[in-house]
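Computed from the coordinates by the stated procedures, all read-outs in this text should not be read as laboratory data. It should be emphasised that the depicted structure is a prediction, and the values quoted were computed from it without experimental measurement. No Cβ is skipped: glycine too gets one built from the backbone with ideal geometry, and neighbour counts run over all protein chains shown.
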Amino acid sequence: MIRTVWTGLVVVAATVFWGSAAIVASLLGRGGAEWYVHVTRRWARSIVWASGCPVVTHGMENVRPGEAQVVAANHVSWFDVFAIAAVLEVPYHFVAKKELERIPLFGPAWKAAGHVSIDRSNRERAVESLRAAGEKISRDRSAVVIFPEGTRSRDGRLQPFKKGAFMLAIESGVAVVPTAVTGSYEIMPPGQWRIRPHTIHVHFLPPVPAPDVAAATPEPLMERVRAAIATVTGDGAALPGSG
């Protein structure tokens with residue numbers, strides 16, 4: 001319980017400090033994309049440090065600097081977000097539900113840092129937001145991080161994927177990096193708030209190229225990416241070090 005309270009205090013302090021820095025920089029027109037990524041990374045690393053949950057990366061070479069790419073990851077805990085944000089060394093933007101914008105301070109900081117919100121209640125607006133994300137990564141040669149399940153898995157198992165991330169990849173002509181996170185469910189499953197320290201493993205798997213947009217449908221790409229993640233999460237043949 002002490003660790004949970006401590007981590008909660010660090011979350012608040014880090015959000016106030018780094019969130020305020022992002023908002024002020026945005027209002028003053030200062031700071032480039034790299035700086036906002038630095039802010040997000042430092043925020044996430046503060047939380048990971050406070051929780052006492054080390055993050056071990058595998059296959060970092062599969063996230064290639066200077067290339068636009070979609071990082072598609074499984075989602076079982078808030079610590080998936082913290083872990084990926086803490087270890088990614090390339091410029092990146094997260095895509096998440098629009099409701100996050102309502103969180104005091106965090107929401108404005110999220111927008112100021114250039115992360116992308118999706119209105120899941122309005123399909124047309126959601127498509128527009130994904131296209132804007134595609135334009136952003138193509139322009140910046142950066143990565144966009146998406147959780148294709150759409151929400152955290154309640155039982156820790158890989159859920160069906162939604163098509164948005166894969167349509168974005170196809171329309172933008174960029175590869176998808178299947179990303180499997182393990183260990184985070186044991187720290188804080190959905191619906192629970194007590195933190196139980198555990199090692200998080202983040203596997204960045206070999207990129208899956210997007211097919212030619214002229215004849216492409218998202219299903220084959222989506223199935224290939226999901227199958228790759230499943231081999232690590234335990235929904236398929238496990239890889240060494242995925243525990």
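Taking only the Cα atoms of the stretch 140-190, the ratio Rg/Rh comes out at 1.02, with Rh defined as the Kirkwood radius. For the stretch 113-222, the Kirkwood radius over C-alpha pairs fed into Stokes-Einstein at 20 °C and 1.002 mPa s yields D = 137 µm² per second. Divided by 2.2 N^0.38 Å, where N counts the residues, the Cα radius of gyration of the stretch 1-96 comes to 1.15. With Rh defined as the Kirkwood radius, the inverse of the mean 1/r over Cα pairs, the Rg/Rh of the stretch 1-50 is 1.08.
A simple spin-label model places pseudo-atoms 7 Å from Cα toward Cβ; at residue 196 and residue 101 they are separated by 3.7 nm.
With equal scatterers on the alpha carbons only and no solvent term, can you work out the Debye log10 of I(q)/I(0) for the stretch 63-133 at 0.16, 0.20, 0.25, 0.26 1/Å? Debye intensities relative to I(0), on a log10 scale: -0.65, -1.01, -1.38, -1.40. One compactness figure for the chain is 0.96, namely its Cα radius of gyration divided by 2.2 N^0.38 Å. Partners of residue 163 within straight-line reach, counting lysines whose Cα lies under 17 Å from its Cα and excluding those fewer than 8 residues away in the same chain: 97. Would you list, by chain and number, the aspartates and glutamates whose Cα falls below 12 Å from the Cα of residue 162, excluding same-chain residues fewer than 8 positions away? Here the aspartates and glutamates satisfying the reach criterion relative to residue 162 are 149, 219, 223.
Ranking 6, 180, 137 by Cα position along the charge dipole of the chain, where only Lys, Arg, Asp and Glu carry charges on their C-beta atoms, puts 6 farthest toward the positive end.
For the chain, adding -39500 (n - 2.57) for each run of n ≥ 4 DSSP H residues and dividing by the number of residues yields -14500 deg cm²/dmol at 222 nm.
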